[in-house]
Amino acid sequence: MSYGDIFIIGWNLNALMFVVNLLMAFTILKSSDPMDLVKESEQLNILKEEFDKYYPNRRYETLITYFFPFTAFFRLGFRFFEMSLFFKKNEGTKMYDFMIYKYQSDIDKMKG
């Protein structure tokens, strides 16, 4: 197997994780009430603004991970694993609860 083949496999796995991430987002949007989504979005925007103060280049870091083979695959794979542990520990929670937890824990890490 050549380096080119390894890179192609890595990029294909990154693309797979991108598609899985999009499918998960569409599934969550489809199963939620629009009014609840608006309220949740407002609360998440407040946290995201604070998050962006501490991590101003996070959007670019995320985009760059899709260009390096296997990087997005491992990053999102770890995030999915983290989500599954969160949902097992906190039964009856939604993706919104995980997003609040993740934003808040990253903000708290930076605050020290």
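Numbers at a glance
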quantity: Unmet requirement for F74, which otherwise passes all of (1) surrounded by 14 or more Cβ atoms within 10 Å (Cβ to Cβ); (2) within 30 Å of Y3 (Cα to Cα); (3) within 15 Å of the chain's Cα centre (by Cα); (4) touching a residue at least 12 places away in the same chain (Cβ under 8 Å); calculated: (4)
quantity: Residues of region 1-36 classified as more than 19 Å from M83 (Cβ to Cβ) and part of a helix (DSSP H, G or I), total; calculated: 14
quantity: Among (1) loosely packed, with under 10 Cβ neighbours inside 10 Å; (2) touching a Leu at 6+ places or on another chain (Cβ under 7 Å); (3) not polar (S, T, N, Q) - the single one Y60 does not satisfy; calculated: (2)
quantity: Complete set of residues in region 57-85 that are in contact with a helix residue (DSSP H, G or I) (Cβ under 6 Å, 6 or more places away or on another chain) and farther than 25 Å from M35 by Cβ; calculated: T65, Y66, P69, F70, T71, A72, F73, R75, L76
quantity: Failed criterion for I46 (all others in (1) surrounded by 13 or more Cβ atoms within 10 Å (Cβ to Cβ); (2) within 24 Å of M110 (Cβ to Cβ) hold); calculated: (1)
quantity: Condition broken by N45, with the remaining ones in (1) touching a helix residue (DSSP H, G or I) at 6+ places or on another chain (Cβ under 8 Å); (2) polar (S, T, N, Q); (3) assigned to a helix (DSSP H, G or I) satisfied; calculated: (1)
quantity: Residues (farther than 13 Å from Y66 by Cβ and of a type outside the set (V, I, T)) located in region 8-29; calculated: L23, M24, A25, F26, L29
quantity: Residue match in region 80-97 (condition: outside any helix (DSSP H, G or I), surrounded by fewer than 12 Cβ atoms within 10 Å (Cβ to Cβ) and acidic (D, E)); calculated: yes
quantity: Of the criteria (1) assigned to a helix (DSSP H, G or I); (2) surrounded by 12 or more Cβ atoms within 10 Å (Cβ to Cβ), which one P69 fails; calculated: (1)
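Here, each number is a calculation from the coordinates, and none is a lab measurement. Computed from a prediction, not measured in an experiment: that's the story for all the values here. Please note: Cβ atoms are built from the backbone with ideal geometry, for glycine as well, and neighbour counts cover all protein chains shown.
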